[in-house]
Amino acid sequence: MVWFYDQYAPNAADRTHPYASPIHGMLHGLPPLLIQVSTSEILRDDSTRFAALAAAAEVDLVDAPVSGGA
């Protein structure tokens, strides 16, 4: 995963900027969200955490796990 982080945001400090990682931003006032993640997705925990934070921020949310995956 480090290689991907380095490609997406070479400066480690930028990785917590909301534009690079919305989980670090203000979630209040977002439009409704649909989060679909495969049960075998490597970043599933991040998606679950984002869904929990969005729900806590009172964002309308549909969290729809998808079975399987590659």
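Summary table below
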quantity: Theoretical FRET efficiency, 1/(1+(r/R0)^6), r = Cβ-Cβ of Ile23 and Val2, R0 25 Å, to 0.05; calculated: 0.85
quantity: Loop-located chymotrypsin sites (Phe, Trp or Tyr not before Pro) in the chain whose Cβ has at most 15 other Cβ within 10 Å (DSSP); calculated: Tyr19
quantity: Two-site FRET efficiency, Asn11 against Ala56, from Cβ-Cβ distance with R₀ of 35 Å, rounded to 0.05; calculated: 0.75
quantity: Accessible solvent surface per residue of the chain, calculated while the other protein chains remain in place, 1.4 angstrom probe, Å²; calculated: 76 Å²
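The values are calculated or read from the model by the stated rules, or taken from the named source; none is laboratory data. From a predicted model like this one, the values you see are computed outputs, not experimental measurements. Neighbour counts run over all protein chains shown; Cβ positions are idealised from the backbone, glycine included. Remember, those area values only see protein heavy atoms, side chains included, never the ligands or the DNA or RNA. Shrake-Rupley method; radii C 1.70, N 1.55, O 1.52, S 1.80 Å.
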